[in-house]
Amino acid sequence: MSSLPQHGRVNCTACYGVAQVAFDRTKHTEGNWRITANPLAWGNPEAEIVVLGFSKGPTQAGAIERTPHEEIAFKGSRLNVAKILAHVGLLGKEGDTALKSAVDKAISNKTGRFHFGSLIRCTVERYDTNTAEWKGTGGAMLDKFVATDFGRKVSRQCISLFLGNFPPQTKLVIMFGLGSKQNYVREAYALFQKVRPGKWGWINDVSYTDGRITVVHVEHFASRGALIPNWLGKNNHDRSFLGNMARSSVEQTLRKKINRGTRH
């Protein structure tokens with residue numbers, strides 16, 4: 001049976017140490033990190049392609065109680081999501097309006113090609129001692145969380161429960177986020193190795209495979225400044241090579257031509 005959750009709210013108490021949790025109310029805090037029990041899923045639980053953010057950011061998490069479920073995923077950044085998916089060949093090369101509409105439809109489609117969610121299904125936040133606030137976004141947050149004992153524990157639980165047993169149709173996992181100097185890519189690779197035993201190997205600097213599925217890291221949809229245009233190849237910048245490698249890995253995967261290579 002597939003471990004990809006059904007479209008909607010997900011019933012999970014794994015990381016909270018209690019039999020019951022109050023959705024979007026129960027929290028678990030360790031040190032400067034906390035998670036909130038509000039796991040969600042969108043799209044097809046038997047999808048060919050799984051698209052994952054890291055966790056719900058403040059825009060998405062803040063919309064849970066007042067926004068229809070289909071509008072929460074990647075709220076405020078869907079055009080960026082569309083451009084990134086188009087760049088790696090998963091959407092057509094269309095105008096902005098058509099691209100965003102394609103993502104809107106894919107997120108709502110319970111029988112389509114895609115499943116959407118996050119590596120950590122619950123909201124992850126870090127306490128900012130400078131502002132005395134909990135924040136769900138910030139520099140290097142992805143790799144810093146999964147590098148802590150708490151982050152590893154939560155990540156392993158989440159991957160084991162929701163990514164540990166893909167349906168036979170699933171070939172590809174798209175992960176938004178690279179991390180500082182690809183640290184998040186390396187941390188995520190280590191997590192997949194531990195939770196999904198197999199003959200894992202690198203394809204290139206942003207993708208890896210166990211021969212069954214391929215995980216490809218792409219630019220984060222909420223990246224600021226020139227990061228997304230650079231990754232997309234809009235500017236003459238070295239970051240475009242990361243986008244090209246991601247596209248190549250997606251193409252190979254969907255053609256079932258997986259070659260493990262040496263990571264550069």
HN-Hα J in Hz across segment 157-172 - Karplus 6.51, -1.76, 1.60, θ = phi - 60°, x for Gly and Pro: 4, 5, 5, 4, 6, 10, 10, x, 9, 6, x, x, 6, 6, 10, 9
Expected 222 nm ellipticity per residue - DSSP helices of 4 or more, -39500 (n - 2.57), all of the chain, to 500: -9000 deg cm²/dmol
Qualifying lysines (Cα of each under 17 Å from Cα of Lys153; at least 8 residues distant if same chain): Lys27, Lys144, Lys194
Percentage relative contact order, the chain, counting C-alpha pairs under 8 Å, at least six apart: 21
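Please calculate how many Å² of accessible area segment 71-193 carries per residue, with a 1.4 Å probe and no DNA, RNA or ligand atoms counted.
Working: 5060 Å² over 123 residues.
About 41 Å² of surface per residue is accessible.
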Amide H within-cut-off set for His115, under 5 Å, with H built and near neighbours excluded: Asn44, Ile49, Val50, Val51
Cα-Cα P(r), segment 18-156, percent of pairs per 5 Å interval: 2, 9, 18, 21, 18, 16, 10, 5, 2, 0
Option label - Rg and Dmax of the Cα atoms in Å computed here, alternatives [x] 17.2, 48; [y] 17.3, 53; [z] 18.8, 63: [y]
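With all protein chains present and a 1.4 Å probe, how do Glu65, Glu48 order by accessible area, largest first?
Descending order: Glu65, Glu48.
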Residues whose placed amide H lies under 5 Å from that of Ile203, excluding near-sequence neighbours: Tyr208, Thr209, Gly261
Space enclosed by the convex hull of the alpha-carbon atoms of segment 40-102, per residue, Å³: 96
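Starting from 0.36 nm per residue, how many nanometres of slack lie between Phe23 and Ala226 once their C-alpha separation is accounted for?
Value of the extension gain: 69.4 nm.
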Residue of Asn204, Asn11, Asn38 that the Gaussian network model of the chain assigns the largest fluctuation, springs spanning Cα pairs under 10 Å: Asn11
In segment 93-168, the GluC sites (Glu not before Pro) that fall in loop regions by DSSP, at most 14 other Cβ within 10 Å: Glu94
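Could you work out the relative contact order of segment 47-204, using alpha carbon pairs under 8 angstrom and six or more residues apart, expressed as a whole percent? Walk me through the numbers before you get to the answer.
On the way: 185 pairs, mean separation 51.0, N = 158.
In percent, rounded to a whole number, it is 32.
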Percent RCO, i.e. relative contact order, over segment 6-109, from Cα pairs under 8 Å lying at least 6 residues apart: 23
For the chain, size of Cβ-based charge dipole, Lys and Arg +1, Asp and Glu -1, in debye: 540
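The values are calculated or read from the model by the stated rules, or taken from the named source; none is laboratory data. This structure is a prediction, so every number in the text was calculated from the model and none was measured. Backbone-built Cβ (ideal geometry, glycine too); neighbour counts: all protein chains shown. Protein only, heavy atoms only, side chains kept; ligands, DNA and RNA dropped before computing areas. Shrake-Rupley method; radii C 1.70, N 1.55, O 1.52, S 1.80 Å.
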